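The values are calculated or read from the model by the stated rules, or taken from the named source; none is laboratory data. The model shown is predicted, which means the values in this text are computed figures rather than measured ones. Neighbour counts are summed over all protein chains in view; Cβ atoms, including those assigned to glycine, are modelled from backbone coordinates with ideal geometry.
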There are 2 protein chains.
Amino acid sequence: MDLLQLLLALTVLLVMARIGSAIFSRFGLPGLIGEILMGIVIANIIVGDWSFMEDALGIVLPDPITDPNDAGSSIYQVVYAFAELGVIFLLFTVGLETKVKDLMNSGKAALLCAIFGVVVPFVLGFALIMGTEGNMNHALFLAAAMVATSVGITARIIKDMRLMDTREARIIIAAAVIDDILGMIVLAIVKGMVESGELSIASIAQITIQAVAFVLVIIALCKWVVPRIYDYFDARNRALAAEGKTPMKVNKLALAIIVCLAMSALAEYIGLAAIIGAFLAGMLFADHAWEWELEEKIDSISTFILPLFFLNVGMQVNLGSLADATVIGLVAVVIVLALISKYIGCGIGSKIGDKSLDRSSCSIIGVGMMPRGEVGIIIASIGLGIVVEGQRAMSEDLYAVVVLMSVITTIIAPPILAKMFRKKYQEEYRILPEDRI
Amino acid sequence: MDLLQLLLALTVLLVMARIGSAIFSRFGLPGLIGEILMGIVIANIIVGDWSFMEDALGIVLPDPITDPNDAGSSIYQVVYAFAELGVIFLLFTVGLETKVKDLMNSGKAALLCAIFGVVVPFVLGFALIMGTEGNMNHALFLAAAMVATSVGITARIIKDMRLMDTREARIIIAAAVIDDILGMIVLAIVKGMVESGELSIASIAQITIQAVAFVLVIIALCKWVVPRIYDYFDARNRALAAEGKTPMKVNKLALAIIVCLAMSALAEYIGLAAIIGAFLAGMLFADHAWEWELEEKIDSISTFILPLFFLNVGMQVNLGSLADATVIGLVAVVIVLALISKYIGCGIGSKIGDKSLDRSSCSIIGVGMMPRGEVGIIIASIGLGIVVEGQRAMSEDLYAVVVLMSVITTIIAPPILAKMFRKKYQEEYRILPEDRI
């Protein structure tokens, strides 16, 4: 491998990601949307036949049409490896924010909001694809991609508006966390079903039990085992310090990275997705993440490698597929379904869970759960990476549909949510005029 | 590329590096030495024929003997890419600690200490190889590897002993910084000479001028241009804030990473080593590194990828070559020369620069400049990577010699330095008994 090409490739890709991110942040939108769109622009508009990328940077994308197992040039493989590790660290930080304690106390409204918010989009998404093209694998992955909620974007708006202490905000945040866990279980089941190719009730039950058990084991570890390990070492270090000896020092970041990678490998090994392992690894550290500054430190690593993931997401979208009227129609239908299904599912779910919520509160919760952000895309890209009987589990067209759906739900929901919050909490509405939403 | 293999490979390598590092840190020695030795152990003792590594982790090392251009398996290439980026970020943080202001004020003793400390080891190392095996490329790279001083280890001892305000400490730190810059220039010249294959006075002069000019341009930028750019944006943001507008926000870490990668690519492109560009890029940010928390943030990235570099350094050492009595003799001679040449060069240099220094002070300075640490190894590994007319610019045997020389000078010097400091500053010696040195 040529070091010069690698350095040039990383420099050019990171600069492009930065430009995309800066433009979107300027308008108060999440930078990652800008990075994805920049990826689409690079792959479809600027570069065209990719000769510049190939000659100067050594980047040759894999060609899924000629060979579904094609991995691209060696420089691209390094970029791809960075991108994959970037998502793994991203899900790790999502896990870091998921405390088992909070989950247990989240209340019935949040729980039912999350469950209905998973079931309704999944059923509608699955029915749509089975009713049109009829490919079971495609239907499963599209449905799974429609389930995901991106906590980050909604949470940022609520934080910016200083409305963290409202009832709606608390339900949204708790439901989004439960939604993440349910989403991981759905992904595990879908991946298991697609890879095994079997669709008997018995095999579905087995995969479901396996996925749920894995998640429950980790939650149990978080609740009963991890605190004891921590207390043991804490007590031992106090004892050593009392005797005048040097306490044991552990590089906490290195420990967290190793556990994250090992759990990701374990999840991948037993047939779940690597990101599920990373997410659960994050949960193991959630109680000490703040004290150990883990999020901040992992964020530094992500600043370096995560933009490569979002850029790569965009680079795999083939705008050519949108020339087809059927695909454009599908994009429109999927976006409408994605918005409506979360609005109705989460709104009704929270109402059932807590009868005292009024109509406007349920609406706010429904809108707050709409953005799909990165999680839907991550699921779609896992589908793109699975090859069953020489065919990808996600078609290139459907992948483009999911990316656009995620991008558009993420752009549409925030301003509506901010407006609804503002209307409801006019008096308590304390944001300064120059704060962007 | 298989994601499971990649995750397993990274997990296993990072765990092994951590174990090596923890053992050495326990004895107060630099963790990187433990990582290098662990690499040697993995490659030569534990694994033997590498079948475990190949089958489970997908790691296949390149085989330089059958094909000097062999790059290894795709997983190894990813590990290699991480390792290379790890060194680049390492040199970037060394640059972050190198302020042009301090260089200008470092005084004559430090300047002459550094110059003599570069010239004496280079001449002795060059003469040794030319007098024995007589291969010019090998002689140049061994000599360049003997020049490097590792600031970090000496600085840590001085800091641990709280002797930063002594005269010797100030001279050592300043000289080590100048030594880094001189070392980069020497590396640039050696690399240029080896790659061009020409050894006329004219070509050496041209390469020297080019290398020195590149360094001087960056120093000039640091001194006159960068502060103005910073002041301009600072003033503009103040003005925006005064008008009640949102000040421009820049992700400083992303900016630093992009500049680091771009300067490394530029250095590599004009024929210097990438690490020279990274080092100079660090100097550009040195004045704001503390305020922007750059070192801390880059350190988080290094925690992830740098152990892979040191492990890889060790994995390329072939202990088999030490079965040869000539090579063992060479190791012994090189280690003795490495220790003596810095002791004499730096001792005499500082004495000439400042006549008022007594013998014990000059001795302390000489010992303080002895450890080669990582820098010597980095230079040797660059030599290993250059292929001229089908031959590597550094033989496998000599590479093993340099690694052992670096490891042993780094282990030997610290206890001697601590003892000499303690003897001289018995009264001011304020370290607590439990502090390790």
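Scan the range A:198-205 and give yes if some residue there is within 21 Å of A:I379 (Cβ to Cβ) and of a type in the set (A, V, I, L, M), otherwise no. Within the range A:198-205, one or more residues are within 21 Å of A:I379 (Cβ to Cβ) and of a type in the set (A, V, I, L, M). Going through the range A:18-30 one residue at a time, which ones are more than 9 Å from every other protein chain (Cβ to nearest Cβ) and not aromatic (F, W, Y)? Within the range A:18-30, A:I19, A:G20, A:I23, A:R26, A:G28, A:L29, A:P30 qualify. Residues considered: B:E389, B:E374. Of these, the only one that is acidic (D, E), modelled with pLDDT under 85, crowded, with 23+ Cβ neighbours inside 10 Å and farther than 12 Å from B:L142 by Cα is B:E374.
Conditions (1) farther than 22 Å from A:A286 by Cβ; (2) among the small types (G, A, S); (3) over 18 Å from the mean Cα position of the chain (by Cα), marked per residue:
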site	(1), (2), (3)
A:L91	no, no, no
A:A109	yes, yes, yes
A:A114	no, yes, no
A:F122	yes, no, no
A:F126	yes, no, yes
A:I129	yes, no, yes
A:T132	yes, no, yes
A:N135	yes, no, yes
A:A139	yes, yes, yes
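Among the residues of the range B:26-40, just one is surrounded by fewer than 17 Cβ atoms within 10 Å (Cβ to Cβ) and either modelled with pLDDT of 85 or more or part of a helix (DSSP H, G or I) (or both), namely B:R26. Inside the range A:262-283, residues that are among the aromatic types (F, W, Y) and more than 10 Å from chain B (Cβ to nearest Cβ) make up a count of 1.
When B:E295, B:E268, B:E243 are screened for being of a type in the set (D, E) and surrounded by fewer than 16 Cβ atoms within 10 Å (Cβ to Cβ), only B:E243 passes.
Scan A:A220, A:A211 and give me the residue that is away from chain B (no Cβ under 14 Å) and crowded, with 17+ Cβ neighbours inside 10 Å.
Working: A:A220 fails: crowded, with 17+ Cβ neighbours inside 10 Å.
Matching residue, one of A:A220, A:A211: A:A211.
The helices (runs of 4 or more DSSP H) found wholly in the range B:55-162 and carrying at least 3 residues that are in contact with a Lys or Arg (Cβ under 9 Å, 6 or more places away or on another chain) occupy B:100-104, B:107-131, B:136-147.
Looking only at residues of the range B:130-144 that are touching a residue at least 24 places away in the same chain (Cβ under 8 Å) and in contact with a helix residue (DSSP H, G or I) (Cβ under 6 Å, 6 or more places away or on another chain), we find that the one that is farthest from B:S341 (Cα to Cα) is B:N137. Please verify whether the range B:234-256 includes one or more residues that are over 21 Å from B:I88 (Cβ atoms) and polar (S, T, N, Q). Within the range B:234-256, one or more residues are over 21 Å from B:I88 (Cβ atoms) and polar (S, T, N, Q). In the range B:1-17, which residues are surrounded by fewer than 24 Cβ atoms within 10 Å (Cβ to Cβ) and at the interface with chain A (Cβ under 8 Å from one of its Cβ atoms)? Scanning the range B:1-17 gives B:M1, B:L3, B:L4, B:L8, B:T11, B:L14, B:V15. For A:V259, the criteria (1) surrounded by 13 or more Cβ atoms within 10 Å (Cβ to Cβ); (2) without any contact (Cβ under 8 Å) to a residue 40 or more places away in the chain; (3) more than 10 Å from chain B (Cβ to nearest Cβ) hold in every case but one, which is (3). When each of A:L319, A:L284, A:L311 is tested for being surrounded by fewer than 16 Cβ atoms within 10 Å (Cβ to Cβ) and in contact (Cβ under 8 Å) with a residue 60 or more places away in the chain, the lone residue that passes is A:L319.
Could you check, for the range B:350-363, whether at least one of its residues is at pLDDT below 90 and surrounded by 23 or more Cβ atoms within 10 Å (Cβ to Cβ)? For the range B:350-363, residues at pLDDT below 90 and surrounded by 23 or more Cβ atoms within 10 Å (Cβ to Cβ): absent. Right, A:G282: of a type in the set (G, A, S) and outside any helix (DSSP H, G or I) or not? Here the answer is no, as A:G282 does not meet what is asked.
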